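The values are calculated or read from the model by the stated rules, or taken from the named source; none is laboratory data. Predicted model only: the values in this text are computed from it and were never measured. Note: ideal-geometry Cβ built from the backbone for every residue, glycine included; neighbour counts use all protein chains shown. These area figures cover heavy atoms from the full protein model, side chains too; ligands, DNA and RNA do not enter into them. Shrake-Rupley method; radii C 1.70, N 1.55, O 1.52, S 1.80 Å.
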Amino acid sequence: MIDQAFERAIDVLFPRACAGCGEGPWPFCRTCVRDLSPLSPPWCRGCGRPWPADVERCPDCPPPPISSARAAFAYRGPARSAVHRLKFSGWRGVGDALAGALAALGPPPADAVTWIPLASRRRAERGFDQ
């Protein structure tokens, strides 16, 4: 409870900027929302890449043992900038914004959801493991 109150106070004193351009309102300004490319069917069921018709796997799918991968947006424009802000500039709140967009897609067809852990050196440089 104290953490949430502290976070709200910080947001009032230091409002967060758009995760895409760094200038507009949080989490994405109107321009960046317009430039986001949401991913949806038809697509590759394996990796979520847009495809002319639904396919089980495409040539760009990750190799086994990864069975599937998903993203809410195409990795370009404001989505790419947001991921870079999270990974390289310490904007940890971007993770919440992107997670919300991914959760809106609904539960993935998986038994487990995980990440690819960073090497110890990279985790020490960043200060967190995305």
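Residues that are hydrophobic (A, V, I, L, M, F, W, C) and either touching a Gly at 6+ places or on another chain (Cβ under 8 Å) or open to solvent by less than 40 Å² (accessible area, probe 1.4 Å) (or both) were ranked within the stretch 56-69; the one that is nearest to Trp43 (Cα to Cα) is Cys58.
Among the residues making up the stretch 102-130, those that are farther than 23 Å from Gly20 by Cβ and of a type in the set (S, T, N, Q) are Thr114, Ser120.
In the stretch 12-27, what count of residues is obtained for those that are open to solvent by less than 80 Å² (accessible area, probe 1.4 Å) and in contact (Cβ under 8 Å) with a residue 12 or more places away in the chain?
Total satisfying the criteria: 7.
Only one of the numbered conditions (1) more than 20 Å from Asp35 (Cα to Cα); (2) free of Cβ contacts under 8 Å to residues at least 24 places away in the same chain; (3) charged (D, E, K, R) is violated by Lys87, and that is (2). As a summary of the residue check, Gly77 satisfies the conditions (1) more than 20 Å from Leu105 (Cβ to Cβ); (2) among the small types (Gly, Ala, Ser); (3) at pLDDT 95 or above except for the one numbered (1). When the criteria are applied in full, Ala53 fails the requirement of being open to solvent by less than 90 Å² (accessible area, probe 1.4 Å), in contact (Cβ under 8 Å) with a residue 12 or more places away in the chain and small (Gly, Ala, Ser).
For the condition at pLDDT 85 or above, in contact with a helix residue (DSSP H, G or I) (Cβ under 6 Å, 6 or more places away or on another chain) and under 28 Å from Ala110 (Cα atoms), Ala72 qualifies.
Of the residues making up the stretch 82-114, those that are of a type in the set (A, V, I, L, M, F, W, C) and over 11 Å from the mean Cα position of the chain (by Cα) are Phe88, Trp91, Ala104, Leu105, Ala110, Ala112, Val113.
Residue check: is Ser89 out of contact with any Pro (no Cβ under 6 Å at 6 or more places or on another chain), over 30 Å from Glu7 (Cβ atoms) and not acidic (Asp, Glu)? Here the answer is no, as Ser89 does not meet what is asked. Is one or more of the residues making up the stretch 28-49 of a type in the set (Val, Ile, Thr), free of Cβ contacts under 8 Å to residues at least 60 places away in the same chain and crowded, with 16+ Cβ neighbours inside 10 Å? No, because not a single residue in the stretch 28-49 is of a type in the set (Val, Ile, Thr), free of Cβ contacts under 8 Å to residues at least 60 places away in the same chain and crowded, with 16+ Cβ neighbours inside 10 Å.
Exactly one residue out of Ala72, Ala82, Ala99 is without any contact (Cβ under 8 Å) to a residue 24 or more places away in the chain, out of contact with any strand residue (DSSP E or B) (no Cβ under 6 Å at 6 or more places or on another chain), under 23 Å from Cys21 (Cα atoms) and open to solvent by less than 60 Å² (accessible area, probe 1.4 Å), and it is Ala99.
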